Amino acid sequence: QVQLVESGGGLVQAGGSLRLSCAASGRSINNYALGWFRQAPGKEREFVAGISWSGGVTYSEDSVKGRFTISRDNTKNTVSLQMNSLKPTDTAAYYCAWRMGRYLSISVGDYDYWGQGTQVTVSS
């Protein structure tokens, strides 16, 4: 059974940075796409960034392009999200997700396993 555990969330001022990490257990992340999603109160969960099985393809949602970077370390079974130039609108719970396929997707329904989430709060 795959388990995902996120860490690295917290409270930061606008313009600051945070690095989220997600540790996977129960199965190797090799050969599978991974993603980060976020959900603000009263809103639907939305795609933030995704990475293909090899790391060769990444894609980010328009509002975070140039500020957020997704990466993976298959040897450590982890995926990370480096978040720079944070804005109050980035405030949300952030979730790591695992897709039982090689290629990333922006759809919530295409991911098979989810972490419990980590809260990111950006103050103005």
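We did not get these values from a lab; they are worked out from the coordinates using the rules stated. The structure presented is a predicted model; accordingly, all values stated were derived computationally and were not measured. Neighbour counts are summed over all protein chains in view; Cβ atoms, including those assigned to glycine, are modelled from backbone coordinates with ideal geometry.
Looking only at the stretch 1-33, which residues are closer than 14 Å to ASN74 by Cβ, part of a loop (DSSP other than H, G, I, E, B) and without any contact (Cβ under 8 Å) to a residue 60 or more places away in the chain?
Within the stretch 1-33, ARG27, SER28, ASN30 meet the criteria.
I'm checking my understanding of the structure. Among residues of the stretch 72-92 that are of a type outside the set (S, T, N, Q) and under 17 Å from SER60 (Cα atoms), which one is farthest from the chain's Cα centre (by Cα)? Break it down stepwise before answering.
So in the stretch 72-92, the residues of a type outside the set (S, T, N, Q) come out as 72-73, 76, 79, 81, 83, 86-88, 90, 92.
If we keep only those that are under 17 Å from SER60 (Cα atoms) too, we end up with 72, 79, 81, 83, 86-87, 90, 92.
Details: ARG72: 10, VAL79: 8, LEU81: 6, MET83: 10, LEU86: 15, LYS87: 17, ASP90: 13, ALA92: 12 Å.
Looking at the filtered set, the residue picked out is LYS87.
Within the stretch 65-92, track down each residue that is farther than 18 Å from ALA33 by Cα, free of Cβ contacts under 8 Å to residues at least 60 places away in the same chain and touching a strand residue (DSSP E or B) at 6+ places or on another chain (Cβ under 6 Å).
In the first step, residues of the stretch 65-92 are kept if they are farther than 18 Å from ALA33 by Cα; the result is 65-67, 83-92.
Narrowing the set further to residues that are free of Cβ contacts under 8 Å to residues at least 60 places away in the same chain leaves 65-67, 89-92.
Answer for the stretch 65-92, where residues must be farther than 18 Å from ALA33 by Cα, free of Cβ contacts under 8 Å to residues at least 60 places away in the same chain and touching a strand residue (DSSP E or B) at 6+ places or on another chain (Cβ under 6 Å): ASP90, THR91, ALA92.
If ASP62 satisfies every condition in (1) in contact (Cβ under 8 Å) with a residue 24 or more places away in the chain; (2) at negative phi but one, which is the exception?
(1)
In the set VAL48, VAL122, which member is aliphatic (A, V, I, L, M), under 13 Å from the mean Cα position of the chain (by Cα) and within 19 Å of GLY15 (Cα to Cα)? Steps first, answer last, please.
Details: VAL122 fails: under 13 Å from the mean Cα position of the chain (by Cα).
Exactly one residue qualifies, and that residue is VAL48.
Which residues, counting only those in the stretch 93-124, are free of Cβ contacts under 8 Å to residues at least 24 places away in the same chain and not charged (D, E, K, R)?
GLY109
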